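The values are calculated or read from the model by the stated rules, or taken from the named source; none is laboratory data. Source: prediction; values computed, not measured. Virtual Cβ from ideal backbone geometry, glycine too; neighbours counted across all protein chains shown.
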């Protein structure tokens, strides 16, 4: 383990001593590093570096049984318990798991690092991008097959276990083209004629617009901007009226989808939560 890694490990240990309940993502932000960089300081101490054979690893996740899938971004965290069923890796563009509980769209071209992590009685598979930002995590539950996890961790264990990695700086968000450079009329016509919602992304790429820019330039009546606080109202109303909804939570490496009812909702500190069991 390099001197830099040891120095970071010491800083993290000191930070944990001051705030033992601080989550690793928040600790990484406070220390000015990525989550994967911080996790790598514990390689050999509950953290195992895995070979970047993401498709092969994911293809075997079903044997873990019921697990908890976690996907997040800066604004939202989505946790869902279930079994990874119906994995489809036939497309080079997006890989799928389509089940009643675990419903994912995966973009493996953005995945770079993988770890098997044991923290006390918690075991997980964790996946990160080239900048060390977390993309997806799979946590074992009381109903999971721990023996299968241990076998996978050993099977995909990387040859190098020294905790030193080449992380890239997080990419800056691409700037939008000015609206004046967009074929707005053509874009709106294409949207009006759209037959399948899954073609929306390719349509935005064709016209060179970002997703939010597309919503702003949408044909009249197709999109309406609302205050971000209204998301809470939507979830509360859906819960009260027992209205099934779909929620998409994503980052550049994966989209995790909830389909169905939301029941118990509440505020906890600055987070608004849906506290349903699975």
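Between 167, 207, 187, 149, which is crowded, with 16+ Cβ neighbours inside 10 Å, within 21 Å of the chain's Cα centre (by Cα), farther than 29 Å from residue 63 by Cβ and touching a residue at least 24 places away in the same chain (Cβ under 8 Å)?
Just a single option satisfies the conditions, and that option is 167.
For the stretch 52-68, how many residues meet the condition of being more than 16 Å from residue 146 (Cα to Cα) and either assigned to a strand (DSSP E or B) or in contact with a helix residue (DSSP H, G or I) (Cβ under 8 Å, 6 or more places away or on another chain) (or both)?
Residues flagged as more than 16 Å from residue 146 (Cα to Cα) and either assigned to a strand (DSSP E or B) or in contact with a helix residue (DSSP H, G or I) (Cβ under 8 Å, 6 or more places away or on another chain) (or both) within the stretch 52-68 amount to 2.
How many of the residues in the stretch 118-132 are within 23 Å of residue 255 (Cβ to Cβ) and surrounded by fewer than 21 Cβ atoms within 10 Å (Cβ to Cβ)?
Step one: list which residues in the stretch 118-132 are within 23 Å of residue 255 (Cβ to Cβ), which gives 124-132.
Going one step further and asking which of them are surrounded by fewer than 21 Cβ atoms within 10 Å (Cβ to Cβ), we end up with 124, 130-131.
Number of matching residues: 3.
May I ask you to list the residues in the stretch 197-224 that are part of a loop (DSSP other than H, G, I, E, B), closer than 20 Å to residue 250 by Cα and at pLDDT below 95?
210
Residue 91 fails exactly one of the following numbered conditions: (1) over 24 Å from residue 25 (Cβ atoms); (2) modelled with pLDDT of 95 or more. What is the number of that condition?
Going through (1) over 24 Å from residue 25 (Cβ atoms); (2) modelled with pLDDT of 95 or more one by one, residue 91 breaks only (2).
Looking at (1) within 19 Å of the chain's Cα centre (by Cα); (2) part of a loop (DSSP other than H, G, I, E, B); (3) in the same structural domain as residue 150 (by the TED database), find the lone condition where residue 20 falls short.
Every listed condition holds for residue 20 apart from (1).
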